[in-house]
Structure formats: C-alpha cells, structure tokens
Amino acid sequence: MDEKTSEKIVICMAEYQGRCDEEGVAVGHAPKVLSAYHSMISDDFKAEVFAPRCVLKASSAESAKGAKVLRHKIMMKGHNSLFTKIANKMRMFANIRSVFLHTKADKIWFFNTEFYLMLYLALFGNKGKEIYCTMFLDGYHGGPVAKIKQKIFERAQKRMKCVISSGPLFTFKNAPQVFLPDYPYEEEVYAPYRKYPKEEVAVCIGTMGAEKEIEELVECFTKNGYPLHITGRFYDKERLARLRETAGHRVIITDANLSDEEYLKMLGCAHFVVLPYRPSQYGTQTSGVLQEAVFLDTVPISYTKVLENNQVPGIGFENWDEVTRERLFSLLDMEAYAKLRREVYSREHMKDVLKKVFTNEIQPG
C-alpha cells in the first residue's frame, strides 16, 4: 500500500478509563502509551484520539491536539464503597459507548484495556467497526469468578480484528494477534539517564496498589539490609502508615507521583528495580517499568515467572527469602539488555508492525 493511500486511513485511539488520584492527576501508564503509540502511527495514518481530560493533560501535546474529551474519569482511592465500584464500571461503559457513537473511523484501537471493555464487546459487539485491543494480560486464571471472566474474554475476542499483545508469550484463543511491547526504545530519551552512575540502592516505583506485595518487600529488605527506596502513589494511607512503622532504617517510603524526569532519573541511578507483583496476577501480565529497566540497564528483581513470561533477564525468585545481599551482587551481563533494545524494543520495528497490522499487509499471528 502506498503512502498516499495509507494516509487516508483514520485510526481512533480510545482510552476509556481515565484513572486519576483525588487531585485529578492521571495515574497508570495510559498517558505514556498514548503518547508513544500516537507518535508511531501519526506518520502513516490520521490518528483520532478519545480520552478523559486527565489522560490528555498528562500525555504529549501532539497526542492531545484536537482530541475528543470523554466525560467520565475514575478516581482511585484506597477503599471504595460497593456503590462507587458499580458507578465506576458504568462510567467506563458510558465512555466506551461514547467512542462508538461519535467516532467516524472504521478502526478503533483500545490501547489501554481491562475486563469491562471485554464485557462491553461481549454484550454489545463491535458495532460494525474493526476493533484492535492492546492486551497487557493473556486472560483470567484461577477460581470460579476467573473462569466466568475468561469465558466473557474469549467471547469478546471474536469481536476483535486483532489483539496487539504486549507479552511475547501470550496466546489468545479466538483472535489473531501480534506482539508489540508497551514502549519503544528511544535513544535520545533514555540514553542520558543510562549514563548516570549507579548507586547502591534498589527502587520500587509506581502505583502502590493492593496487587503488589509491598509488605513482603519491606520485610525482605529490612531483613537483608540493602538500601531500598519505595516511591509512588499510595491510595491506602492506612497501609502506608503501617508500612512505615515496620520498615527498617534503610527502607525509605515516599508517597508521591513522580514526573517523567524524576522517574527516569530514579530508575536510571539504581542498580536494581524491584517489581513486587503477585505472581498469581502479574505472572501473566506485562510491566512498563520492567521494559524501561531494560532501557536503563537497571536489573529487575521479581518472581521468576514474571521475568520468564516477559523474556527479560534479571534476579528471579520463588519466595522473598531468596532475595539476599549475596544474590544482589551477582550482576548480569548488560549486553543482554542492549540486544533487547536493538531488536525487540526498536521503535522502527514497532512502527512497522503497527503499519502492517492497520493496513492488513500482514496477517496477525
């Protein structure tokens, strides 16, 4: 397909969640992936963006330019009532419906997804649109509720043109798929932070939600004595207070939203980044922090299952007792990360994959 033809294709990029803190500041990776993905397709396609205002405000000026503002957002708190939880689901449904009602594009790319988009597609279908969904997990596993959710997820896949999988080993039963990492590697962005001298410290960065084993992490590093800095937004302030009471003097816990510069500098200066994800959930999910650790030559520490499923070398463990000071001094060969940057996370490669998917030049698989 020639360049002139491909420029006529309109891609609707839709982010329907709008997760933010109580101050209205976007949380999570939606603004970052919006900016990255938008920049990768805007040369070849016309990108139409739908997203809540908090996400647009935190994304790049280019991706927010001319965007359609979705009305609803989700405020993240430590404890939500049942009514609030139900209301949040209805807000997401309303945003998804608004995208279908108001976009003129034939192709809709939901680039930040969760279960309630799957439920919407299973119930209401694709409305005659070509649906592309970026998936950061390969399904729902374990327990009767997970089995029901998985059935709905598989039904939703039948409404999709393609699953854009951020996991290299993910498989989807009822939809074609291609592999595309969360973020592209950009030398001009990451190289300056990779040049910082590494400090004798491990960091844990990001949203500090219930799905992370923060208590186990704090206990582990209090015991082994290696310096640990935990920095991120805690929705549950009572949990934050309990953690600070039990933390050793070399464990520093900060409740804050980091700017991109602060985040990259903190990650780039650390020898290690700890990903305290529960393996029952994140063993089959991907992580933007994990990928950016590769970009910055920062060694990730996580459950072996998390590292293996993301095909990223690091310090893996089966239980927290294995994370000793001795393990932390068995550093890895950084050439493995350089190879991943050149091959798997190459911006040009990722851009080419997206172009071929949206123009049907290659069959997903």
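In the condition set (1) in a helix (DSSP H, G or I); (2) in contact with a helix residue (DSSP H, G or I) (Cβ under 8 Å, 6 or more places away or on another chain); (3) farther than 27 Å from A58 by Cα, K265 is compliant with all but (3). Only residues that are part of a loop (DSSP other than H, G, I, E, B) and under 25 Å from the mean Cα position of the chain (by Cα) were counted across segment 106-124, and they come to 4.
Annotation: K237 fulfils all but one of (1) surrounded by 16 or more Cβ atoms within 10 Å (Cβ to Cβ); (2) more than 26 Å from L328 (Cα to Cα); (3) of a type in the set (K, R); the unmet one is (1). Restricting segment 330-339 to residues that are part of a helix (DSSP H, G or I) and under 24 Å from the mean Cα position of the chain (by Cα), the residue that is nearest to Q285 (Cα to Cα) is Y337.
Among the residues of segment 271-287, is any under 19 Å from A191 (Cβ atoms), touching a helix residue (DSSP H, G or I) at 6+ places or on another chain (Cβ under 9 Å) and either in contact (Cβ under 8 Å) with a residue 24 or more places away in the chain or in a helix (DSSP H, G or I) (or both)? Yes: segment 271-287 contains one or more residues that are under 19 Å from A191 (Cβ atoms), touching a helix residue (DSSP H, G or I) at 6+ places or on another chain (Cβ under 9 Å) and either in contact (Cβ under 8 Å) with a residue 24 or more places away in the chain or in a helix (DSSP H, G or I) (or both).
Within segment 101-115, does at least one residue satisfy the condition of being farther than 24 Å from A47 by Cα and either surrounded by 13 or more Cβ atoms within 10 Å (Cβ to Cβ) or touching a residue at least 40 places away in the same chain (Cβ under 8 Å) (or both)? Checked segment 101-115: at least one residue is farther than 24 Å from A47 by Cα and either surrounded by 13 or more Cβ atoms within 10 Å (Cβ to Cβ) or touching a residue at least 40 places away in the same chain (Cβ under 8 Å) (or both). Quick check, is M40 touching a residue at least 12 places away in the same chain (Cβ under 8 Å) and either farther than 24 Å from G206 by Cα or outside the structural domain of G206 (by TED's automatic domain parsing) (or both)? Answer is yes for this residue. Here is the figure for segment 72-85: residues that are surrounded by 13 or more Cβ atoms within 10 Å (Cβ to Cβ) and part of a loop (DSSP other than H, G, I, E, B) total 6.
Identify, please: which residue in segment 72-100 is among the aliphatic types (A, V, I, L, M) and touching a Lys or Arg at 6+ places or on another chain (Cβ under 9 Å) and is, among those, farthest from E48 (Cα to Cα)? Checked segment 72-100; the qualifying residue farthest from E48 (Cα to Cα) is M76.
Counting the residues of segment 302-343 that are closer than 25 Å to M135 by Cβ and either buried (at least 18 other Cβ atoms within 10 Å of the Cβ) or in contact with a Leu (Cβ under 9 Å, 6 or more places away or on another chain) (or both) gives 15.
Pairs meeting the criteria (first residue in segment 188-200 and closer than 16 Å to Y337 by Cα and of a type in the set (S, T, N, Q), second residue assigned to a loop (DSSP other than H, G, I, E, B) and modelled with pLDDT under 95, beta carbons under 6 Å, at least 6 apart or on different chains) are lacking. Restricted to segment 249-281, and to residues there that are in contact with a Pro (Cβ under 9 Å, 6 or more places away or on another chain) and surrounded by 20 or more Cβ atoms within 10 Å (Cβ to Cβ), the residue that is nearest to G142 (Cα to Cα) is L275. Going by what's in this entry, would V69 be described as surrounded by 20 or more Cβ atoms within 10 Å (Cβ to Cβ), in contact with a strand residue (DSSP E or B) (Cβ under 9 Å, 6 or more places away or on another chain) and outside any helix (DSSP H, G or I)? Against the criterion (surrounded by 20 or more Cβ atoms within 10 Å (Cβ to Cβ), in contact with a strand residue (DSSP E or B) (Cβ under 9 Å, 6 or more places away or on another chain) and outside any helix (DSSP H, G or I)), V69 does not qualify. Checked against the criterion of being outside any loop (DSSP other than H, G, I, E, B), hydroxyl-bearing (S, T, Y) and in the same structural domain as P192 (by TED's automatic domain parsing), segment 313-329 contains not a single residue that satisfies it.
Filtered by the rule that a residue be among the small types (G, A, S) and either without any contact (Cβ under 8 Å) to a residue 24 or more places away in the chain or farther than 26 Å from A210 by Cβ (or both), segment 55-96 gives S59, S60, A61, S63, A64, G66, A67, S81, A87, A94.
The values are calculated or read from the model by the stated rules, or taken from the named source; none is laboratory data. Quantities reported herein were computed from a predicted structural model and do not represent experimental measurements. Virtual Cβ from ideal backbone geometry, glycine too; neighbours counted across all protein chains shown.
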